[in-house]
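Trainee: Sharing a structure here in structure tokens format.
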Amino acid sequence: MLSSSLWELPSSSAILYRFLTLFSFLISISAACFNGNCQVMEACTAATDCGSGLYCGNCPASGHNQPVCTRGQATVPTSVINGLPFNKYTWLMTHNSFSIVDAPSLAGVQRLTFYNQEDTVTNQLRNGVRGLMLDMYDFENDIWLCHSFRGQCFNFTAFQPAINTLREVEAFLTENPTEIVTIIIEDYVLTPKGLRNLFTSAGLDKYWFPVSKMPKKGEDWPTVTDMVQQNHRLLVFTSIASKEAEEGIAYQWKYMLENEPGDPGVVVGSCPNRRESKPLKSRSSSLFLQNYFPTYPVESEACKEHSAPLFNMISTCYKASGNILPNFLAVNFYMRSEGGGVFDALDKINGQTLCGCSTLAACQAGAPPGTCKSIPAPNTGPLSSTTGSFTGSVQFTKPSASTVHSPNLMVHWLFYLLLEGKKLRRYSRIRNRSGPGRQHELFQVSLLGGKVKKVCWHEWL
């Protein structure tokens, strides 16, 4: 009996084997996808699961409720292939870079406008954005950033004095001596030399790329190496032609082609040029700005927009321009995607342009075009059923800005009417709030002097 029992017990070799198996399993678990090890498209449950440059987010608009690790930073192309003319690269640009969700409004005034981004301009630049679209207006005896209409800034469409954002740009350029930033101004400033004085006050004049050195007939720009060596690392364009001679600020459409912004720029199979721009097939301008954003921005829809539709529109505009890829890709809510989004699009464009490879990560500096590294495909395996929302390490302005915002349709409708020139004086809206009550707000809108005042509140159960 004793010998039989001993026979049934595992031998020392078997015990060792089982211990090693268990140990190996535990090691594999510890190295599994969490604690900063998760890569793009791998399921995540917390911000700390994802690797550097990624955050944990989902895309309910596409039916993807399971959060996955999502790219939140662009690969700066000059970090892979350097020394080429500036116009050989494609850069990420944010549309209305200043129009930030949760940006504080003027005291006592509810802002009535659209929002296009979620984090500060400083953070946009840190995440690889290299082009900023800024709307500048005369307002309050100063120059302000304002998302408005009729060429006038109102207290309910104003964001902040423009110098605040320009100082963010100056700090970034000072801290990053090899980076180049482009600013495109939708210009409503009538103050003589107002813009030039503004940039000088912000300390940006020392980085200014002079108009005299910009190519006038579609030829190549200086190399990025030359631009850095000469400290010409800030390109500024205005929408007012006369300011090129008056203030030395380049008139945008003299140097740049551009497709239609807003809804015309997202129509499937169509890529018309903006009316101020030369035809996209023109070769007299060596820069091409591709706008890709709807007229009415909705945060929760951006992740869907930045998937297949984005890649399809890049292809459409490539054909419409006579096989020219954009130098700037302008989008809303640039970090929102189903995984790779605008960052993957930029990598594919730069990979093709700079080295003839399918993506920028496959490029090899100094190698002949078409000599590409093997890049593993991201994990796109089945996802679990756990639901979640944007929770990752993306540096939003405020924690509340990381949630998926539902569009305020009443604000959209009101701003649309204002854009269309309607003389709206009074409106009401109803909105849900927590608890059993609903809230009915009445506002008086007076366009005289750009003021908006809340008249009264009425609540009921």
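The values are calculated or read from the model by the stated rules, or taken from the named source; none is laboratory data. Everything numeric here is computed off the predicted structure, so don't read it as measured data. So basically every Cβ, Gly included, is an ideal-geometry build from the backbone, and we count neighbours across all protein chains shown. The area values use the complete protein model at the heavy-atom level, side chains included, leaving out ligands, DNA and RNA. Shrake-Rupley method; radii C 1.70, N 1.55, O 1.52, S 1.80 Å.
Trainee: Pull up all non-local amide H partners of residue 250: gap of 5 or more, or a different chain, and H-to-H distance under 5 Å with H placed in the peptide plane.
Mentor: 236, 238
Trainee: Taking amide H positions as placed 1.01 Å from N in the peptide plane, with prolines and chain starts having none, which residues 5 or more places from residue 143, or on another chain, fall under 5 Å of its amide H?
Mentor: Correct list: 162.
Trainee: Convert each backbone phi in the range 366-374 into a coupling constant with the Karplus relation 6.51 cos²θ - 1.76 cosθ + 1.60 (shift: θ = phi - 60°), then list the ³J(HN,Hα) values in order as whole Hz, x for Gly and Pro.
Mentor: Ordered by residue, 3J(HN,Hα) equals x, 8, x, x, x, 8, 10, 6, 7 Hz.
Trainee: Say R0 is 35 Å: what FRET efficiency, to the nearest 0.05, do residue 110 and residue 205 get from their beta-carbon distance?
Mentor: 0.45
Trainee: With a probe of 1.4 Å, find how much accessible area the range 202-258 has per residue, and write the answer as a whole number in Å². Working shown, then result.
Mentor: Details: 2160 Å² over 57 residues.
Accessible area per residue: 38 Å².
Trainee: Another question, if that's okay. Given the pairs 304/348; 217/373; 243/348; 213/348, which span a C-alpha to C-alpha distance of over 26 angstrom in this model? Numbers along the way, then the final one.
Mentor: Values: 304/348 19 Å; 217/373 36 Å; 243/348 36 Å; 213/348 30 Å.
Beyond 26 Å between Cα atoms: 217/373; 243/348; 213/348.
Trainee: Output wanted: per-residue J couplings in Hz (rounded whole) for the range 121-129, from phi through Karplus 6.51 cos²θ - 1.76 cosθ + 1.60, θ = phi - 60°, x for Gly and Pro.
Mentor: Those phi angles translate into 4, 4, 6, 4, 5, 5, 8, x, 5 Hz.
Trainee: In cubic angstrom, how much convex hull volume per residue do the alpha carbon atoms of the range 95-176 span? If you can, show how the numbers build up before the last one.
Mentor: Details: hull volume 7.4 nm³, N = 82.
In the range 95-176, the Cα hull volume divided by residue count equals 90 Å³.
Trainee: Gap in Å between the Cα centre of the range 163-185 and the Cα centre of the range 209-244?
Mentor: When both Cα centres are located, 15 Å separates them.
Trainee: Under 12 Å from a label point 7 Å along Cα→Cβ of residue 295: give me every residue in the range 105-130 with its amide N that close.
Mentor: none
Trainee: For residue 186, enumerate residues with amide H under 5 Å from its amide H, sequence gap 5+ or separate chain, H modeled in the peptide plane.
Mentor: 134, 135, 136
Trainee: Please turn the phi angles of the range 152-161 into ³J(HN,Hα) values with the Karplus equation 6.51 cos²θ - 1.76 cosθ + 1.60 (θ = phi - 60°), one per residue in order, whole Hz, x for glycine and proline.
Mentor: So the J values, rounded to whole Hz, are 10, 8, 10, 5, 9, 10, 7, 10, 6, x.
Trainee: Rounded to whole Å and ordered largest first, report the semi-axes of the equivalent ellipsoid of the range 221-262 derived from its Cα gyration tensor (root of 5λ).
Mentor: On the way: eigenvalues 100, 48, 12 Å².
The equivalent ellipsoid of the range 221-262 has semi-axes of 22, 15, 8 Å.
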